[in-house]
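Asks: Supplied in structure tokens, the structure appears directly below.
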2 protein chains.
Amino acid sequence: MTPEDFRKRGHDMVDWIADYLANVTRYPVNSQVEPGAIRGALPDAAPEQPEPFEDVIRDLNEIIMPGITHWQSPNWFSYFPANSSGPSVLGEMAAAGLGVQGMLWSTSPAATELETVVVDWMVDLLGLPNAWKTTGPGGGVIQMSASDSAHVAMVTARELARQRASLDRMVVYASDQTHSSVEKGARIAGFTNFRAIPTDAAFAMDPAAFEEQVAADRADGLVPVFVALTVGTTATTGVDPIRTLTGIAKKSGMWVHVDAAYAGSAMICPELRHHQDGLELVDSYTFNPHKWMFTNFDCNLYYVADRKPLIDAMSILPPYLRNEATLSGKVIDYRDWHVPLGRRFRSLKLWFVLRHYGAEGIRHHIRGHIELAQDLAGKLEADPRFELVAPHPFSLVVFRHSDGDTATTRLATDLNGTGQVSLTPTTLRDMSAIRVSIGQTNTSKENVDALWALIDQLA
Amino acid sequence: MTPEDFRKRGHDMVDWIADYLANVTRYPVNSQVEPGAIRGALPDAAPEQPEPFEDVIRDLNEIIMPGITHWQSPNWFSYFPANSSGPSVLGEMAAAGLGVQGMLWSTSPAATELETVVVDWMVDLLGLPNAWKTTGPGGGVIQMSASDSAHVAMVTARELARQRASLDRMVVYASDQTHSSVEKGARIAGFTNFRAIPTDAAFAMDPAAFEEQVAADRADGLVPVFVALTVGTTATTGVDPIRTLTGIAKKSGMWVHVDAAYAGSAMICPELRHHQDGLELVDSYTFNPHKWMFTNFDCNLYYVADRKPLIDAMSILPPYLRNEATLSGKVIDYRDWHVPLGRRFRSLKLWFVLRHYGAEGIRHHIRGHIELAQDLAGKLEADPRFELVAPHPFSLVVFRHSDGDTATTRLATDLNGTGQVSLTPTTLRDMSAIRVSIGQTNTSKENVDALWALIDQLA
């Protein structure tokens with residue numbers, strides 16, 4: 001495809017995307033297809049000969065689109081948001097067009113340096129410890145997902161602890177509300193001792209229970225090495241008390257990792273930063289601009305207070321990657337900060353987003369989502385048909401039907417069945433519950449009012 | 001940004017990309033900036049207020065572009081290619097616009113099912129074992145990079161071996177030419193015993209040396225669990241004899257992983273498949289359409305002969321991810337096939353590429369690149385100023401100056417210094433050498449002739 005052919009097809013594709021976004025509410029939010037329907041509609045073999053691009057677009061419209069669940073609908077209330085936005089899509093386009101590899105500084109200096117600039121910017125934007133800037137002992141890096149960051153944190157902690165204990169005596173801690181990626185990451189990193197600490201009424205890790213478990217493990221000759229704390233758990237956006245828990249963890253020399261995958265974006269609002277009190281004491285931190293900061297997946301930020309043990313754990317330098325810039329020590333080679341070698345130019349979309357919205361623009365949207373969530377929570381709380389099952393410090397509201405599990409599950413099924421909204425049914429402490437996550441880029445009062453009308457009608 | 005604003009900006013961005021691609025040869029191939037230049041030209045803090053998008057594009061042109069190394073230039077001969085192409089960029093655009101998460105089948109069925117379709121298509125296209133199709137016991141999945149695939153393979157092998165040995169007694173094998181990601185992945189997976197087996201004159205793993213090392217380790221009470229074989233090593237595109245080596249490995253019950261990151265794409269040409277003889281005996285395999293199949297990074301394919309141990313090692317199911325489709329067992333949830341949870345809709349770009357080119361179109365380009373490499377190798381071999389230092393079965397030619405290391409290093413520096421080409425200086429068995437990797441999407445005879453003219457002139 002020549003540049004001129006691309007120009008023509010590219011304009012068509014931009015129109016296709018713009019039309020999609022303008023009409024996204026006309027689709028059922030959740031795809032209605034049955035398992036195997038898309039696969040069955042596609043041929044069993046790739047074409048031998050080139051096909052006209054019109055045929056590809058036709059199949060995109062006719063075969064693929066019915067199998068799309070519309071995460072970019074303003075009526076998306078499931079999981080957490082995985083937001084896109086205009087400037088972010090433009091950033092993805094530029095990155096794809098340039099097609100550079102940022103594995104080393106020297107393989108495209110701008111890819112590395114822009115990444116350093118935006119991760120440093122974010123330290124100030126979110127009120128993170130100043131030592132985490134690349135100008136200090138720490139630093140940030142873009143990874144694919146919070147799962148990758150938790151895994152890398154655990155591998156680093158494991159390597160640091162090797163002098164003190166064998167792997168089968170090391171213990172990893174999290175709460176019973178911690179995201180599953182931590183238990184998964186622990187298993188992948190080779191740990192065999194994983195403790196899920198009980199949580200309190202607000203779904204925050206119980207410091208007394210944590211302290212007791214650590215003491216019991218130490219008494220058994222085990223070695224505590226890692227704890228994952230969460231600001232904004234997946235089930236309810238519970239907040240672990242970082243300062244208190246880190247104090248306990250540090251007495252045993254543990255690595256403390258903070259997962260703020262969803263709620264981290266909200267820390268751009270100073271009035272919410274009390275939720276992250278104590279961050280200056282922790283070792284690593286992660287949050288996802290690809291959730292609630294209007295930046296396409298994948299864009300996970302991972303920070304460490306000290307980059308040396310991370311690089312010690314991840315670095316290896318074969319002859320074909322040696323180069324003057326790397327050997328000079330004057331540059332960052334981000335391949336040494338994570339598992340993969342190759343790297344997309346992901347900082348471009350985040351830079352586009354930060355400049356298009358400005359910090360004030362992002363605050364405006366996040367505060368708006370939080371206000372909508374608080375309004376909805378108020379309505380649910382005031383209505384005897386419903387019960388809130390958890391605090392709602394951010395933009396997630398978790399509720400149930402007062403008639404119990406069956407009525408709750410049926411309500412969730414009925415709501416999703418309308419095709420007008422998508423929300424996540426879940427189980428919380430053996431009770432059925434419904435998660436309403438408000439935070440899609442374009443979700444407004446009108447969308448949440450319509451959701452409330454549906455809840456009211458179907459309950 | 002409204003859909004209509006996006007439409008306008010999107011058209012501008014398509015023109016920007018098309019102009020870039022049309023003019024890519026006007027830039028010095030390698031960026032000429034000094035460390036810190038880009039970072040120093042950008043402000044220390046993110047903007048508080050929104051900025052006009054024109055300002056962002058101005059800074060993209062004036063600040064970022066001088067720091068770009070042009071991987072999409074037809075004069076790119078460094079590393080291996082990290083190709084883009086028109087249909088691939090269009091696929092990235094569509095994926096960004098849709099902004100779906102494919103972590104579970106149910107979170108966007110088309111993302112999962114199209115992925116299954118294209119990875120199954122690829123089995124036939126590359127002549128891989130039929131049992132690797134998802135309709136059999138195996139299956140394929142898209143990951144970020146070959147590093148991730150090697151790591152996941154090692155974690156799976158480690159979990160399978162847990163019954164037989166403790167981690168500190170397990171041994172991982174590769175050759176002294178295996179990509180650094182295998183040693184790195186072994187360390188990250190927690191292995192402490194790693195053996196680099198010597199290679200023969202063609203840079204292929206020496207079966208006798210492998211067998212001896214395995215016997216010595218077993219005699220020491222160690223347990224061989226994993227070997228990585230390569231079809232097309234990074235330094236020289238050496239090819240390990242899969243059938244022979246797998247025969248040795250299987251006597252000790254090892255997991256055999258094959259890394260064909262670069263050369264895998266060439267297997268679309270039946271005349272080259274003798275290089276992968278024995279694949280039906282191995283446990284896992286990876287190749288990168290994002291290298292030599294005209295598909296943007298990231299698009300790594302990872303296949304397993306049996307998906308059960310992979311899913312056993314990677315699966316974890318918290319309440320908020322439970323859903324009817326998953327529990328029915330009728331669908332694939334690709335989050336259980338790797339470390340991360342979130343997933344981009346990466347199959348879209350590969351589908352666009354396969355349909356736009358057709359298998360014949362891809363073969364045409366790959367055969368063209370190989371022919372250009374063979375021609376260049378012939379010229380180098382016939383000229384007493386140069387020596388070829390390795391066989392050249394695909395599209396990589398590795399040579400040195402007959403006058404020795406200093407002359408070779410100077411030639412590489414001079415060639416890169418022209419700004420007209422980019423190639424990788426390296427060290428091979430303590431000798432300086434120059435890698436010429438031919439395979440950028442648009443590299444033609446004209447580009448390789450110009451490279452030869454430069455070599456001739458500067459030698």
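The values are calculated or read from the model by the stated rules, or taken from the named source; none is laboratory data. Given the structure is predicted, the values throughout are model-derived calculations rather than measurements. Virtual Cβ from ideal backbone geometry, glycine too; neighbours counted across all protein chains shown. To get the accessible areas, we keep the full protein, side chains included, count just its heavy atoms, and leave off ligands, DNA and RNA. Shrake-Rupley method; radii C 1.70, N 1.55, O 1.52, S 1.80 Å.
Asks: With every protein chain left in place and a probe of 1.4 Å, what is the accessible surface of A:R344, to the nearest 10 Å²?
Replies: Its accessible surface works out to 30 Å², give or take rounding.
Asks: Rg and Dmax of the range B:205-349 over Cα atoms: what are they, in angstrom?
Replies: Both quantities, over Cα of the range B:205-349: 18.1, 53 Å.
Asks: Further question on the same structure: What is the magnitude of the charge dipole of chain A about its Cα centre, with +1 placed on the Cβ of each Lys and Arg, -1 on the Cβ of each Asp and Glu, and no other charges, expressed in debye to the nearest 20?
Replies: On the way: 39 positive and 54 negative charges, 232 e Å.
Roughly 1120 debye for chain A.
Asks: Closest beta-carbon to the B-to-A rotation axis: which chain B residue owns it, and what is the separation in whole Å?
Replies: B:G190, 2
Asks: Mind listing the label-point distances from A:E280 to the same position on all other copies, shortest first, one decimal in nm, points 7 Å along Cα→Cβ?
Replies: Result for A:E280, in nm, nearest copy first: 6.6.
Asks: Leaving out ligands and nucleic acids, note down the accessible area per residue over the range A:222-292 with a 1.4 angstrom probe, in whole Å². Working shown, then result.
Replies: Numbers: 1550 Å² over 71 residues.
On a per-residue basis, the range A:222-292 sits at 22 Å².
Asks: I would also like to ask the following. Past 18 Å, Cα to Cα: identify those pairs from A:K379/A:K445; B:K308/B:K330; A:K133/A:K308; A:K8/B:K445; B:K133/B:K308; A:K308/A:K330, in the order given.
Replies: On the way: A:K379/A:K445 14 Å; B:K308/B:K330 15 Å; A:K133/A:K308 14 Å; A:K8/B:K445 27 Å; B:K133/B:K308 14 Å; A:K308/A:K330 15 Å.
Going by Cα-Cα distance, A:K8/B:K445 fall outside the 18 Å limit.
Asks: Right, next: List the distances, in nm and shortest first, from the label point of A:E62 to the matching label points in every other copy, placing each point 7 Å from Cα along the Cα-to-Cβ direction.
Replies: Inter-copy label distances (nm, one decimal, shortest first): 5.0.
Asks: Something else about it: I'd like the interface area for chains A and B: accessible area of each alone minus the complex, both sides summed, 1.4 Å probe, protein heavy atoms only. What is it in Å² to the nearest 100? Before the final figure, lay out each step's value.
Replies: Values: alone 20670 and 20690 Å², together 29080 Å².
Summing both sides, the interface buries roughly 12300 Å².
Asks: Evaluate 2.2 N^0.38 Å with N set to the residue count of the range A:126-220, then give the Cα radius of gyration divided by it.
Replies: Values: Rg = 15.2 Å, N = 95, 2.2 N^0.38 = 12.4 Å.
So the range A:126-220 has a normalised radius of gyration of 1.22.
Asks: A follow-up question, please. Put +1 on the Cβ of each Lys and Arg and -1 on the Cβ of each Asp and Glu in the protein assembly as shown; which of B:A82, B:F297, B:L321 then has its Cα farthest toward the positive end of the dipole?
Replies: B:L321
Asks: Averaged over peptide A:138-150, how many Cβ atoms belonging to another chain are found within 10 Å of each residue's Cβ? Please list the in-between numbers first.
Replies: On the way: counts 0, 0, 0, 0, 0, 2, 12, 8, 3, 7, 7, 1, 1.
Across A:138-150, the average partner-chain Cβ count within 10 Å equals 3.
Asks: Per-residue ellipticity at 222 nm for chain A, helices alone: DSSP H runs ≥ 4 residues times -39500 (n - 2.57), over residue total, nearest 500 deg cm²/dmol? Before the final figure, lay out the partial values.
Replies: On the way: 15 runs with 191 residues, N = 459.
The per-residue figure over chain A is -13000 deg cm²/dmol.
Asks: In whole percent, and with a 1.4 Å probe on the protein chains, what portion of the accessible area of the range A:73-223 is carbon and sulfur? Don't jump to the answer; show the numbers that get you there.
Replies: Numbers: 1860 of 3750 Å².
Carbon and sulfur together cover 50 percent of it.
Asks: Same structure, new question: By average Cβ neighbour count within 10 Å, what is the ranking of B:304-315, A:350-361 from highest down? Display every interim value, and only then the final one.
Replies: On the way: B:304-315: 18.1, A:350-361: 22.7.
The peptides rank, most packed first, as A:350-361, B:304-315.
Asks: How would you rank A:48-56, B:328-336, highest first, on the average number of other Cβ atoms within 10 Å across their residues?
Replies: On the way: A:48-56: 14.4, B:328-336: 18.4.
The packing order, highest mean first, is B:328-336, A:48-56.
Asks: Going from most exposed to least, what order do B:E34, B:E159, A:E211 have by accessible area with a 1.4 Å probe? Show your work: numbers first, answer last.
Replies: Numbers: B:E34 125, B:E159 50, A:E211 85 Å².
These residues rank, largest area first, as B:E34, A:E211, B:E159.
Asks: Checking understanding here: applying a Kyte-Doolittle mean of at least 0.5 and a length along the axis of at least 15 Å (C-alpha), which whole DSSP H helices in chain B pass?
Replies: Working: long enough: B:3-22 (28 Å, -0.85); B:86-98 (18 Å, 0.92); B:109-126 (26 Å, 0.88); B:146-161 (22 Å, 0.38); B:207-219 (18 Å, -0.32); B:347-382 (45 Å, -0.16); B:405-417 (18 Å, -0.54); B:445-458 (19 Å, 0.10).
Membrane-span-like by this criterion, though nothing is claimed about a membrane: B:86-98, B:109-126.
Asks: May I ask you to give the average projected area over all directions of the convex hull of the Cα atoms of the range A:53-205, in nm² rounded to one decimal? Before the final figure, lay out each step's value.
Replies: Working: hull surface 58.8 nm².
Directional mean of the projected Cα hull area for the range A:53-205 stands at 14.7 nm².
Asks: A follow-up question, please. Work out the charge dipole of chain A with +1 on the Cβ of Lys and Arg and -1 on the Cβ of Asp and Glu about the Cα centre, then indicate which of A:T424, A:A110, A:P35 is farthest towards its positive end.
Replies: Highest projection toward the positive end goes to A:A110.
Asks: Now for a separate question. Dividing the alpha-carbon Rg of the range A:345-436 by 2.2 N^0.38 Å yields what?
Replies: Rg over 2.2 N^0.38 Å, computed on Cα atoms: 1.37.
Asks: Oh, and also: Would you please classify the overall shape of the range A:10-59 from the alpha carbon gyration tensor, given that a ≥ b ≥ c denote the square roots of the eigenvalues, rounded means a/c under 1.5, and beyond that prolate means a/b larger than b/c while oblate covers the rest? Walk me through the numbers before you get to the answer.
Replies: Numbers: a/c = 4.62, a/b = 1.16, b/c = 3.97.
Oblate, since a/c reaches 1.5 and b/c is not below a/b.
Asks: Using the alpha-carbon centroid of each, what span in Å lies between the range B:4-51 and the range B:190-227?
Replies: Cα centres, the range B:4-51 to the range B:190-227: 48 Å.
Asks: A further question on this structure: What's the local net charge at A:A82, with K and R +1, D and E -1, over the other residues with C-beta under 14 Å away?
Replies: Details: positive: A:K291, A:K349, B:R335, B:R343, B:R344; negative: A:E92, A:D298.
After counting each charged neighbour, the total is +3.
Asks: Please compute the average number of Cβ atoms from other chains found within 10 Å of each residue's Cβ in peptide B:18-26.
Replies: Details: counts 11, 3, 5, 9, 5, 1, 3, 0, 0.
Mean partner-chain Cβ count within 10 Å for B:18-26: 4.
Asks: Return the Rg/Rh ratio of the protein assembly as shown with Cα-based radii and a Kirkwood Rh. Kindly include the intermediate steps, with their values, before the conclusion.
Replies: Working: Rg = 26.7 Å, Rh = 28.1 Å.
Looking at the protein assembly as shown, the ratio lands at 0.95.
Asks: Does a label point 7 Å from the Cα of A:R26, set along Cα-to-beta-carbon, have any residues of the range A:419-459 with amide nitrogen under 17 Å, and which are they?
Replies: Label zone hits: A:420.
Asks: Convex hull over the alpha-carbon atoms of chain A: what's its volume per residue in Å³? Don't jump to the answer; show the numbers that get you there.
Replies: Details: hull volume 79.2 nm³, N = 459.
In chain A, the Cα hull volume divided by residue count equals 173 Å³.
Asks: 7 Å along Cα→Cβ for the label point: how many nanometres lie between A:A202 and each equivalent label in the other copies, listed shortest first?
Replies: Between copies, matching label points for A:A202 lie 6.8 nm apart.
Asks: Enter the mean projected area of the convex hull around the alpha-carbon atoms of the range A:294-364, in nm², rounded to one decimal. List each step's numbers first, then the result.
Replies: Working: hull surface 25.8 nm².
In nm², the orientation-averaged hull projection of the range A:294-364 is 6.4.
Asks: Of all alpha-carbon pairs in the range A:255-294, indicate the percentage at a distance above 17 angstrom. Walk me through the intermediate numbers first.
Replies: Values: 221 of 780 pairs.
Looking at the range A:255-294, the distances longer than 17 Å represent 28 percent of pairs.
Asks: Calculate the mean, over all residues of peptide B:417-428, of how many other protein chain Cβ atoms lie within 10 angstrom of the residue's Cβ. List each step's numbers first, then the result.
Replies: Details: counts 0, 0, 0, 0, 0, 1, 0, 5, 4, 5, 4, 2.
The shielding value for this peptide is 2.
Asks: Quick one: net charge around A:A390, please, counting Lys, Arg +1 and Asp, Glu -1 for every other residue with C-beta under 13 Å from its C-beta.
Replies: Details: positive: A:R400, A:R429, A:R435; negative: A:D200, A:E381, A:E387.
Residues close to A:A390 contribute a combined charge of 0.
Asks: Sum up the charges of everything whose Cβ sits under 13 Å from the Cβ of A:A111, counting Lys and Arg as +1 and Asp and Glu as -1, but leave A:A111 out.
Replies: Residues near A:A111 contribute +3 overall.
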